[in-house]
Amino acid sequence: MAPIRATSGAVRRLATAAAAAAAEATPPARTFVAIVGGGPVGLYLSLLLSRYGVPHVLAERARAPSQHPRAHLINTRTMELLRQVGLEDGVHAASPPPDSWRRFVYAESVLGAQIAAVDHLALPSARRLAEASPSRLSHLALPKLQAQLGAAAERAARTLGYATILSGAEVTAVAPAPGACLLYTSPSPRDGLL
């Protein structure tokens, strides 16, 4: 793989900074696949790669999970993917009952006038999805979903042995190596994402 050429001053400075960071980082991890970020997609990918026997390293810069509210609606296709890895039932079990979240209210502000209200489970598209898929959409705060994905990915890493999961490790560089890649990391001061 040919190195990327810096074409502007800003890109050149970033490339120089990355090279300097790599030089000061912990010794690189040699792996077939490097996953940068332990959010839902990174954790799901780690779980799949472990199941398929593909060695990989997942690096997440946060040292601990965030408890801040974020996304909460899990669409049907995502639930189908979670079903494939055995997490669908756990997500539904941790979710509040549909009657408590099916009606979305749109307002000018938190205490402002209501603009509209929609029962998302009564929409024609929701009925068509319910008929077409064995899975149904769900409602679970992202930190709770991430905790389930993280536990499954860590369990797969322990039992199957194909994954190394690094928390509190900021990726400073990824470099090609014969038949693999080198993942350079340094300790991260950041908390609250994984």
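Below are the figures for this structure:
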{"read-out": "Net lengthening on full extension, Arg51/Ser125 (0.36 nm per residue, minus Cα-Cα)", "value": "23.3 nm"}
{"read-out": "Cα gyration tensor shape for region 82-194, rounded if a/c is under 1.5, else prolate or oblate", "value": "prolate"}
{"read-out": "Paramagnetic label zone (point 7 Å from Cα along Cα-to-C-beta, Phe32; backbone N under 11 Å) in region 137-163", "value": "162-163"}
{"read-out": "Accessible area in square angstrom per residue, region 118-194, 1.4 angstrom probe", "value": "53 Å²"}
{"read-out": "Estimated translational D of region 33-77 in µm²/s (Stokes, Kirkwood radius over Cα pairs; 10 °C; 1.306 mPa s)", "value": "132 µm²/s"}
{"read-out": "Accessible-area order (highest first, 1.4 angstrom probe) of the listed residues Tyr184, Tyr106", "value": "Tyr106, Tyr184"}
{"read-out": "Antiparallel bridge percentage (DSSP; both residues within region 17-150; nearest 5)", "value": "65 percent"}
{"read-out": "Pairwise centroid distance, computed over Cα atoms, of region 35-79 with region 127-185, Å", "value": "3 Å"}
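The values are calculated or read from the model by the stated rules, or taken from the named source; none is laboratory data. Just so you know, these numbers come straight off a predicted model, no measurement behind them. Cβ sites come from the backbone with ideal geometry, for glycine too, and all protein chains shown count toward neighbours. Note: accessible area is taken over every heavy atom of the protein model, side chains too, but ligands, DNA and RNA are not part of it. Shrake-Rupley method; radii C 1.70, N 1.55, O 1.52, S 1.80 Å.
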